[in-house]
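The values are calculated or read from the model by the stated rules, or taken from the named source; none is laboratory data. Just so it is clear, the model here is predicted, and its values are computed rather than measured. With ideal geometry, Cβ positions are generated from the backbone for all residues, glycine too; neighbour counts draw on all protein chains shown.
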């Protein structure tokens, strides 16, 4: 996805020799173990990250069914969890969160979650307003933090490696960058938390932020120990995703139990 490649065509292929991977060599976790972590064609090692992500996703699917029971709520929760795993992995590698995940999930959350809740007895209009309130609170909180921080940095004349750029002036109110380009935080985080809010609601947004702060601190400490550089940037998406999963699986939840 971050390379702009299709998720559907061509199918899975070896990152070393580009050979197509047969269906029987593409069974999650088991095929990697059977092939001993190597491509059948060229014997190139295949990262252990593949089966770990597959196992994590399977675990989250199981937790979704355990939490909500078999039914539409568990299906929505499983899809939400898979999107968060993808967002976390991509942000960890590339420090971007694709709009197809955040904005696509936002659209699905505003349409599907109220429909599922209405099946559990909540009036559709009320369910939609709560999902929208979660999106506005989630996106609005992070946007507000980034915007105020950017304005304070501009007033103090503080510059960062990526903001506002070598030889460039700080953006003004008439420029789009003034409203969405912030130092130290990508706008992808704002859109991701808005998407999260549609599923977990306003209370879940607060839970997500609190949990994400703790996860972010642990991630930052681990990143420092690995990089030995306190200024080395890292994506906040993994921490946000972990916090959202806590809010999803811990009561109360917007989604009705099966």
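Do the conditions hold for residue 256, that is, is it over 14 Å from the mean Cα position of the chain (by Cα) and touching a residue at least 60 places away in the same chain (Cβ under 8 Å)? Yes. In the set 240, 248, 254, which member is part of a loop (DSSP other than H, G, I, E, B) and surrounded by 24 or more Cβ atoms within 10 Å (Cβ to Cβ)? Step by step, each of 240, 248, 254 is checked, and only 254 is part of a loop (DSSP other than H, G, I, E, B) and surrounded by 24 or more Cβ atoms within 10 Å (Cβ to Cβ).
Looking only at the stretch 58-81, count every residue that is more than 15 Å from residue 241 (Cβ to Cβ) and free of Cβ contacts under 8 Å to residues at least 40 places away in the same chain and tell me the total.
Filtering the stretch 58-81 down to residues more than 15 Å from residue 241 (Cβ to Cβ) leaves 58, 61-62, 65-76.
Checking the rest, the ones that are also free of Cβ contacts under 8 Å to residues at least 40 places away in the same chain come to 58, 61-62, 65-66, 75.
Count: 6.
Residue-level check: of (1) at pLDDT 85 or above; (2) more than 30 Å from residue 255 (Cα to Cα), residue 167 misses just (1). Of the helices (runs of 4 or more DSSP H) entirely within the stretch 117-231, those holding at least 3 residues that are buried (at least 17 other Cβ atoms within 10 Å of the Cβ) and out of contact with any strand residue (DSSP E or B) (no Cβ under 8 Å at 6 or more places or on another chain) occupy 124-156, 187-227.
Residues that are in a loop (DSSP other than H, G, I, E, B) and within 24 Å of the chain's Cα centre (by Cα): does the stretch 72-87 have at least one? No, that holds for no residue. Residue check: residue 256 meets all listed conditions (1) assigned by TED's automatic domain parsing to the domain that holds residue 129; (2) closer than 30 Å to residue 114 by Cα but one, namely (1).
Checked against (1) over 26 Å from residue 251 (Cα atoms); (2) assigned to a helix (DSSP H, G or I); (3) more than 17 Å from the chain's Cα centre (by Cα), residue 36 passes all but a single condition, namely (2). Screening the candidates 101, 96 for the property of being within 14 Å of the chain's Cα centre (by Cα) and surrounded by fewer than 19 Cβ atoms within 10 Å (Cβ to Cβ) yields one hit, 96. Of all residues in the stretch 10-24, those satisfying the criterion of being modelled with pLDDT of 85 or more and not in a loop (DSSP other than H, G, I, E, B) are 20, 23, 24.
The residues of the stretch 39-57 that are closer than 22 Å to residue 93 by Cβ and either touching a strand residue (DSSP E or B) at 6+ places or on another chain (Cβ under 9 Å) or in a loop (DSSP other than H, G, I, E, B) (or both), listed by number, are 39, 44, 45, 46, 47, 48.
Okay, residues lined up against (1) over 30 Å from residue 110 (Cβ atoms); (2) in contact (Cβ under 8 Å) with a residue 60 or more places away in the chain:
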{"residue": "203", "(1), (2)": "no, no"}
{"residue": "209", "(1), (2)": "no, yes"}
{"residue": "215", "(1), (2)": "no, no"}
{"residue": "220", "(1), (2)": "yes, no"}
{"residue": "223", "(1), (2)": "yes, no"}
{"residue": "227", "(1), (2)": "yes, no"}
{"residue": "238", "(1), (2)": "no, yes"}
{"residue": "241", "(1), (2)": "no, yes"}
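Apart from one condition, residue 59 fits all of (1) within 23 Å of residue 11 (Cβ to Cβ); (2) at pLDDT 95 or above; the exception is (1).
Evaluating residue 56 against the criteria (1) surrounded by fewer than 19 Cβ atoms within 10 Å (Cβ to Cβ); (2) farther than 30 Å from residue 4 by Cα leaves one unmet condition, (2).
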